[in-house]
Amino acid sequence: MDEVKQLRIDLHRLTTELIGKCAYCLMISSNVEYKTPIYCTKFTGALNPTCVDVATCLSCQEYKNAVIS
């Protein structure tokens with residue numbers, strides 16, 4: 001497997017583990033090539049999630065308030 005693709009897959013897996021429990025994160029796309037893979041409801045509400053990139057999600061820092069079980 002191409003090293004760059006493997007790095008993208010690893011980064012996607014780590015990102016999913018880090019922000020996957022955020023209360024505003026509705027879904028994270030499994031497509032590693034997608035530029036805005038995170039469906040966020042923080043600013044638009046649960047009925048109309050917006051797609052954001054990883055940098056936007058991490059800068060919000062709401063994932064830090066998630067309950068880790």
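The values are calculated or read from the model by the stated rules, or taken from the named source; none is laboratory data. Quick caveat, the model's predicted, so the values are computed rather than measured. Note that each Cβ is placed from the backbone with ideal geometry, even for glycine, and that neighbours are counted across all protein chains shown. Accessible surface is based on the protein model in full, side chains and every heavy atom, while ligands, DNA and RNA are left aside. Shrake-Rupley method; radii C 1.70, N 1.55, O 1.52, S 1.80 Å.
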Measure nothing but the geometry: give the 0 to 90° angle between the long axis through the Cα atoms of 3-19 and the longest principal axis through the Cα atoms of the chain, rounded to 10°.
20
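Among the GluC sites (Glu not before Pro) within region 17-69, which fall in a DSSP loop and have no more than 10 other Cβ atoms within 10 Å of their own Cβ?
Working: sites: E17, E33, E62; in loops: E33.
Qualifying residues, ordered by number: E33.
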Would you be so kind as to identify which of T56, C40, L18 lies farthest towards the positive end of the dipole of the chain, taking Lys and Arg as +1 and Asp and Glu as -1 on Cβ and the Cα centre as origin?
C40
Debye intensity ratio in log₁₀ form over the Cα atoms of region 21-65, taken at each q of 0.20, 0.25 Å⁻¹
-0.57, -0.88
For I28, the accessible surface traced by a 1.4 Å probe with all protein chains present amounts, in square angstrom to the nearest 10, to 40
Relative contact order as a percentage, region 25-69, C-alpha pairs under 8 Å and 6+ apart, gives 28
Loop-located chymotrypsin sites (Phe, Trp or Tyr not before Pro) in the chain whose Cβ has at most 10 other Cβ within 10 Å (DSSP)
none
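Where the only charges are on Cβ atoms (+1 Lys, Arg; -1 Asp, Glu), what is the dipole of the chain about its Cα centre, to the nearest 20 debye? Intermediate results must be reported in sequence, preceding the final value.
Working: 7 positive and 7 negative charges, 43 e Å.
In debye, rounded to 20, the chain gives about 200.
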Within the chain, how many Lys pairs sit with Cα atoms under 22 Å apart, leaving out pairs fewer than 8 places apart on the same chain?
5
How much of the accessible area of the chain, probe 1.4 Å, is carbon plus sulfur, in whole percent?
57
Cysteines not pairable in the chain (beta carbon separation under 4.7 Å absent)
C40, C51, C57, C60
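Using the heavy atoms of the protein chains alone and a 1.4 angstrom probe, what is the accessible area of the chain per residue in square angstrom?
Details: 5100 Å² over 69 residues.
Ligands and nucleic acids excluded, the figure is 74 Å² per residue.
Suppose R0 equals 25 Å; then what is the FRET efficiency for S59 and I9 from their Cβ-Cβ distance, rounded to the nearest 0.05?
On the way: r = 23 Å, r/R0 = 0.92.
E(calc), rounded to 0.05, equals 0.60.
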